[in-house]
Amino acid sequence: MEHMLKVYIAEARSNLLNHNYGKAFAFYLLVLKIAPHVRKNCYDEFSASWREWSNELRTLGRIKNLFTLYQQGCDAYFDCDMLHYHMGCQLYRLGMKLEAVGMFRKALVANSHCQPARVNLENATRGLVDSWHFTMLNDKARNQSFESGIQRAMETLPCDAHVLDIGSGTGLLSMMAAQLKSCTVYACEMSKAMHTISEECISLNQLSHQIKTINQHSEHILVSSSDSNQSGNAFLPQKVDLVISETLDAGVFGEGVVDTLNHAWKHLLKPKSQGGKVLPNSVTLYCCVIESEAIRRKHCLMNKSEKVQGVTITSCVGNQVKNNAENLTFVPTVTQEPYTSETIKNIPHKVLTSPETLFEVDFNNPDLLDKIATGNHENITIDLPVVKNGTPDAVVMWFDLKVADGCHIITDIESLHCWEQAVYPVQCFSQNDETLKQFIDESSTIRLTFKVETDCLRLMVVDSLDKDGTKQDVIPQLSSVTLTDSKVHVLVPEVQMLRLNDCVYSELYCKSVLSFGHTHTSLNVLDVSHGFSLRMVKLANNTDSISKLLKYCYSEKELKAFQSVFDLGTGTTEVECFLELPEPSSKYEVVISDIVEPSGLFVPNMLQNFAKFKDCLLPEGKFIPNKVTVVAQLIHSDKILSKCMLVSDENTLGFKIAATVNDFKVTTHSDLDMQTVQYIGLTPPKDTLTINFNDQVLDGLDFKKTAVFQVTKEQTLHAVLFWFKINLYDDVTINTIDDDNHWLQAGYILPNSQQLNLTIGDEVVLNTILHNDSLLFSASKYGS
């Protein structure tokens, strides 16, 4: 037996080394079957063969075999956290995100310190349940308005009524309807994850006997009195008496409410003559014009030193640009939108015009809905009297949602509701692509023209009228701007536009490169940053210090865009763009990279990129930045909690939802502006983890640091607020929490067991771990 065991182990290892992973795995199974006592010694090799064989099975599409393989692995190592973790990765790659979440949770049950599982659970969860679900569920006033509206609607329905809730989410509105009357409710939710959550919530609230869940788009539902429906679509036994659909974004139409209700009136809902109705009843849209440099900085290039002749750079908001311009998108996933959204009260702004009613949509008017859905509604023109002098930077739109008589939800600029306001940036360009400020005074009027589309109101034209009604110069809205001299139009995300407008940031990077050049007669510089930056154009003009510039690009689109810009805008320094490093790779005195995203998180694959490009440096070469330090502060913030989880079932009016939906809460919350977010700092900020890119080994390691914080305020600890100090070169350092730079901050929500009740003088031990590019924190009282 001992001889055979050695033979099988040798065969297993030989096949593993020769990449015959299926055979290697089979031999390891045989080894464990005849000699269970070698489990511990074989673990690493078994795990490697399982992982690689599972990769091959997934690639070959042998999904049934993949699940069999997982079961075989569990039988051999039932307590193996990495087995569950790797199976979760396979499921995630297959698009089975909900199942992947379950696997990552299994890995953490087996080993609560499994950092890869923690990071991937966060990423998978973020893709399943959007954070706005938590903000919406925590909006108690919104929930009360819908409960009141549903109660009034249900009073007029018969006891055996049928109700259809479209876009039911967690099932909250369905449960409101079901508890009021012994009717039948259909909860229709397209998302598999939300459908699963709603089933559990409905069961917890003991309403499964009344509420039937449907995991389909409502337009795929059929009405049939027969159980023999063979179409594969969900079906209703009869048309319903009431449709509930709260599928509204900041601009009302963006989630498809018009198409949804138009289809419902035609196919799923009883006609009005038979008592059919929709809730909410109607919506009225309002708008005004504001001045806001904060918005302007997100949508057009204000930094004159970054401008390149013949190149126009704007945000992705808008979709009509000069026909003969070469339109370039730097991020493959970027889509152009007619508007964005902001919480206007948190942004410095000045209201320039009186608010006016823009459009009213009666959801109980099928003819109007059909007119909009078929593209037959006429354009809307509205005049806004100017009440304050200023520069029009944006048209802001909000709505008054009439849920039922006496039940309204208003999302204006001072609103405390979960909706932001829709924002249409307004900007004017001259013939040479210079941004102009169009000043308006109190004697004038702003005339807006909107096109009514099925999924949005699209701002087409902004006119300025004299007091006598004469049209002044047109202020082109960003989505319809005509750029007569522009040869290239570059579209970037809003956050990248903020970075382009951060003059200090760009200048400090260039200063750091040129300072390094004082010790060299000429520099070869490689930029490996993600996204778009024009600092390479600035560096190209410093021919005294720099002999060659190279830009590493991460996609064909990015390569094409950079080449087009450099062809138009560089100085005499040679600039080269490429997708793959040449073999053997050239060597450089300086390698530049961005390491912190504008959102307040590390750039994806940051450490891997530094490790990858380490070989590109000459022996005396340097990375810029030189190092980064994570700065942390322990805080209390109900506001941040409400963005990441359902704080209490009180907010959902007693319906039991928190226990289920909070399984999908997001631990790390980025895009926090700590100038406007309500929070209490419980400790002074403190440096935690520091990474030196030039001196440390960067590939495949977790970085860890423990720090002790002194508590200065008595309150419950909720989260770790964190930001970064970026040392570029020598004494050149940027702090990402400082005013007037482009970064926001991030917070890490601690688990309930670590949300400590603190008193002044307590000491808290904070453990910081950087795994790949994700920061993980844990907190405990000192000495506990």
Diffing the range 407-423: the Karplus 3J(HN,Hα) column from phi (6.51, -1.76, 1.60, θ = phi - 60°), in whole Hz with x for Gly and Pro, holds 10, 10, 10, 10, 10, 5, 4, 9, 5, 9, 6, 6, 7, 8, 9, 6, 10
Residues whose built amide H sits under 5 Å from the amide H of Ser533, excluding neighbours closer than 5 in sequence, are none
Under 5 Å from the placed amide H of His771, counting only residues 5+ away or on other chains, we find Leu776
Residue-ordered couplings for the range 627-638, obtained by feeding phi - 60° into the Karplus form 6.51 cos²θ - 1.76 cosθ + 1.60 and rounding to whole Hz (Gly and Pro as x), are 7, 9, 10, 7, 10, 10, 9, 7, 9, 10, 7, 5
Expected sort for 651-658, 98-105 on mean C-beta neighbours within 10 Å, highest first, is 98-105, 651-658
Counting only protein heavy atoms and leaving out ligands, DNA and RNA, the solvent-accessible surface of Ser148 at a 1.4 Å probe, in Å² to the nearest 10, equals 50 Å²
For Lys140 the rounded accessible area (nearest 10 Å², probe 1.4 Å, non-protein molecules ignored) is 80 Å²
Rounded to two decimals, the Rg over Rh value of the chain from Cα coordinates and the Kirkwood Rh reads 0.99
The chain accessible area per residue, 1.4 Å probe, protein heavy atoms, integer Å², reads 42 Å²
Carbon/sulfur accessible area of the chain, % of total, 1.4 Å probe, equals 48 percent
extent check for the range 12-69: Cα max minus min per principal axis, descending, whole Å, gives 34, 23, 15
Of the listed pairs Lys614/Lys704; Lys40/Lys64; Lys6/Lys40; Lys64/Lys192; Lys345/Lys643; Lys587/Lys627, those with alpha carbons more than 24 Å apart are Lys40/Lys64
One checks the Cα atoms of the range 643-757 and finds Rg and Dmax, in Å, of 17.6, 57
For the range 1-130, averaging the sequence separation of alpha carbon pairs under 8 Å that lie six or more residues apart and dividing by its residue count, the contact order in percent is 16 percent
So the compactness index of the range 334-407, its C-alpha Rg divided by 2.2 N^0.38 Å, takes the value 1.41
The relative contact order of the range 639-784, taking Cα pairs under 8 Å that sit 6 or more residues apart, comes to a percentage of 26 percent
Which residues qualify? For Leu523, with a placed amide H closer than 5 Å and at least 5 residues away or on another chain, they are Ile546, Ser547, Lys548
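Taking 0.36 nm per residue of sequence separation and subtracting the Cα-Cα distance, how much length would be gained by fully extending the chain between Lys371 and Leu653, in nm to one decimal? Provide the component values of the computation, followed by the final result.
Numbers: separation 282, 0.36 × 282 = 101.52 nm, distance 3.73 nm.
Once the chain is fully extended between Lys371 and Leu653, it gains 97.8 nm.
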Calc'd 3J(HN,Hα), the range 245-253, phi into Karplus 6.51 cos²θ - 1.76 cosθ + 1.60 (θ = phi - 60°), Hz, glycine/Pro = x, comes to 8, 9, 10, 10, 9, 4, x, 6, 8
Computed on Cα atoms, the radius of gyration and Dmax of the range 726-784 in angstrom are 15.7, 42
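What value, in deg cm²/dmol to 500, does the helix sum -39500 (n - 2.57) over DSSP H runs of n ≥ 4 give at 222 nm once divided by the residues of the chain? Before the final figure, lay out the partial values.
Values: 21 runs with 232 residues, N = 784.
Computed mean residue ellipticity for the chain: -9000 deg cm²/dmol.
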Relative contact order of the range 119-248 (C-alpha contacts under 8 Å, at least 6 apart) in percent is 24 percent
The equivalent-ellipsoid semi-axes of the range 29-108, taken as the square roots of five times the Cα gyration tensor eigenvalues and listed largest first in whole Å, are 22, 14, 9
For the chain, percent of DSSP beta bridges that are antiparallel (nearest 5) comes out at 70 percent
Everything considered on the Cα gyration tensor (a ≥ b ≥ c; rounded for a/c under 1.5, else prolate if a/b is larger than b/c, else oblate), the range 636-696 must be described as prolate
Highest mean packing first, using Cβ neighbours within 10 angstrom, the peptides 706-713, 398-405 sort as 398-405, 706-713
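The values are calculated or read from the model by the stated rules, or taken from the named source; none is laboratory data. Note that the coordinates shown come from a computational prediction; the quantities given were computed from them, not determined experimentally. Cβ: placed from backbone, ideal geometry, glycine included. Neighbour counts: every protein chain shown. Ligands, DNA and RNA are excluded from the accessible area calculation, which covers all protein heavy atoms including side chains. Shrake-Rupley method; radii C 1.70, N 1.55, O 1.52, S 1.80 Å.
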